[in-house]
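First up is the structure itself, then whatever we jot down about it.
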Amino acid sequence: MMEKNYDVIIVGGGLLGCATAYQLAKRKAGNILLLDGNEIASQASSRAACLLTRARTKPALMELVQETYDCISEMEELLGEPLGLQQCGSITVASSEASLKGLEALEEAATRFGIPNERIGRERTKELLPWMDVEAVDVALYMPTDAFIDSALLCSGYARAAARMGVTLRPNCRVKEIMAGNGKVCGVRLADGEAVFAPVVVNAAGAWANLLMRPLHVGLPFTPVRSHFWITAIDSSRFPAGHPFTVIPDARAFTRSDVGALIIGLRESCCQPFDPSALTDKLEDFDFNRKAEWTVLDECAPLLKPYLHDIDDLPIAHYIAGPSCYVPDAMFIVGPVASYDGLFAVAGCCGGGVAAGGGMGRLAAELILGDSPFVDPALFAPDRFGAVDPFSADFQRRCADARSNKKGG
Ligand SMILES: Cc1cc2nc3c(=O)[nH]c(=O)nc-3n(C[C@H](O)[C@H](O)[C@H](O)COP(=O)(O)OP(=O)(O)OC[C@H]3O[C@@H](n4cnc5c(N)ncnc54)[C@H](O)[C@@H]3O)c2cc1C
């Protein structure tokens, strides 16, 4: 039998909900309940490419990512076990005027923030990336402290660390509605009809967050957009484990090593949004339009060919797709929902919830507790676009364009 009263209820046990639970518990925010309709860490947070890209042109985003790295060290200590961070480094490649400008901006931002970076020549690039045809590379920027981490393991790390500090975790417990009246929230009603009460409710329900907001007439400014990557068959001599991940803006691509295989992420010129009301409760039951994966390859593979000449013939072993929640300005959504006291949102990950989740959770915790926030919260305010309708096709297109136009990793 579950307790009936809490100080904070968090809906969603993905990276954003679990990181928020961890950050609240660390700040001794009282009696906290985290609910998920599925297993914890089982949805978008188990489908990521897992890049923890440190350098960003927006300083606040670098702060958020740095916080995630700090959380990983803290949680490893608290849990007494490694979370499997792989410090492989990253290489950003430029082969055009436009991408060189982007690389220079990144280089400047990284240097200002103290992130180690160096330009490397073709020979060194080839040493680090044996699979790459480096003749296509004009400039390469190497950041040796970038890393990747298994996103499901990171998510369960936040959850287990939060539980260790007293948070109650309830997987397989679906929330039917967020209860509110007289301009404030008072708790949630579960799918079986049971009500649980708290003066603070955090909506961290990922791609589904707007379905819970709809009855409250609140629209969070994001839509789920298909993100995907392909994994080649294993070829350990060509794709050695732990080699740097790459960001190749001229090919709208990134790559990452995966135990002797290569992960290849490609971004189509016109990304695919989904109406949130079309989503199934579990992503396993959702059709990400599998036939289109090959159409995307037809469009994108030629762009990668100068760097990977035999991409047309490479055996592909796996295809992974999932929803990334994009916001028109490609920033996140963290903070109070103005129309209801006690209602907070942590959503709109813009394909960066693995890297920035620890920081998003920290900002959410600070705002919930009234502490002074470590980054400017106005950048992430849920209402910064005014009233939006996330169920309209026009708004969904605006959000998808934020992914289509993305340049970084
Ligand atoms: C293909 C792909 C590649 C990616 N690569 C990267 C990367 O390299 N680096 C990076 O930083 N990010 C990456 N991301 C993004 C990252 O995966 C997301 O930012 C992150 O997983 C979002 O976490 P979340 O908690 O918002 O969502 P989720 O993990 O989906 O969690 C939301 C949870 O809410 C629960 N829920 C929903 N509705 C209810 C309800 N009514 N009641 C109870 N529970 C509910 C769901 O069951 C779910 O568990 C990638 C994403 C994809 C799809």
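So here's what we get for this one:
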item	result
Between segment 356-409 and segment 99-140, the Cα center-to-center distance that results, in Å	29
Tail beyond 19 Å, pair distance distribution of segment 232-339 (Cα, percent)	57
For segment 61-121: span of alpha carbons on each principal axis (Å, largest first)	47, 22, 15
Cα-projected label distance for residue 299 with residue 7, points at 7 Å along beta-carbon direction, nm	4.8
Theoretical ellipticity at 222 nm over the chain - DSSP helices of four or more residues, -39500 (n - 2.57) apiece, nearest 500	-9000 deg cm²/dmol
Cα convex hull of segment 274-409 - mean projected area over all directions, nm²	10.7
Segment 217-359, accessible surface, carbon-and-sulfur percent (1.4 angstrom probe)	54
Positive dipole terminus of the chain, leading residue within 185, 215, 203 (C-beta point charges)	185
Segment 185-201 - phi-based ³J(HN,Hα) in whole Hz, Karplus 6.51/-1.76/1.60, Gly and Pro as x	7, 9, x, 9, 10, 7, 4, 7, x, 5, 9, 10, 10, 6, x, 10, 10
Per residue solvent-accessible surface (Å²) - the chain, probe of 1.4 Å	39
Residue-wise HN-Hα coupling along segment 396-403, computed from phi with Karplus coefficients 6.51, -1.76, 1.60 (Hz; x: Gly, Pro)	4, 5, 4, 5, 5, 5, 4, 6
Amide proton proximity set for residue 187, modelled H, under 5 Å, gap of 5+	179, 198
Segment 164-253, Rg to Rh (Cα coordinates; Rh as Kirkwood inverse mean 1/r)	1.19
Kirkwood Rh, Cα atoms: Rg over Rh of segment 1-64	1.07
Greater than 27 Å apart at Cα, pairs in 58/305; 4/176; 28/184; 101/305; 4/28	58/305
Test item: Cα-centred dipole of segment 155-244, Lys/Arg +1 and Asp/Glu -1 on Cβ, debye	60
Rule-of-thumb Rg ratio for segment 96-251 [Cα; 2.2 N^0.38 Å; N residues]	1.55
Contact order relative to length of the chain, as percent, for alpha carbon pairs under 8 angstrom and 6 or more apart	24
Normalised contact order of segment 1-111, rounded percent, pairs of Cα under 8 Å and 6 or more residues apart	23
For segment 299-377, projected area of the alpha-carbon convex hull averaged over all directions, nm²	8.2
Computed over segment 210-294, the ratio Rg/Rh where both radii use C-alpha atoms and Rh is Kirkwood	1.10
In sequence order, calculated HN-Hα J values of segment 350-363 (Karplus, 6.51, -1.76, 1.60; Hz; x Gly/Pro)	6, x, x, x, 5, 5, 9, x, x, x, 5, x, 5, 4
Segment 308-348: mean projected area of Cα convex hull, nm²	5.4
Gain on full stretching of the segment that runs from residue 96 to residue 237 - 0.36 nm per residue minus C-alpha separation	47.8 nm
Cα gyration tensor of segment 55-180 - equivalent ellipsoid semi-axes, whole Å, descending	37, 18, 15
Measure of compaction for the chain (Cα Rg per 2.2 N^0.38 Å)	0.96
Rel. contact order, % - alpha carbon contacts under 8 angstrom, at least six apart, segment 202-257	19
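The values are calculated or read from the model by the stated rules, or taken from the named source; none is laboratory data. Model, not experiment: these values are computed from the prediction. Cβ: placed from backbone, ideal geometry, glycine included. Neighbour counts: every protein chain shown. Side chains included, ligands, DNA and RNA excluded: accessible areas come from the protein's heavy atoms. Shrake-Rupley method; radii C 1.70, N 1.55, O 1.52, S 1.80 Å.
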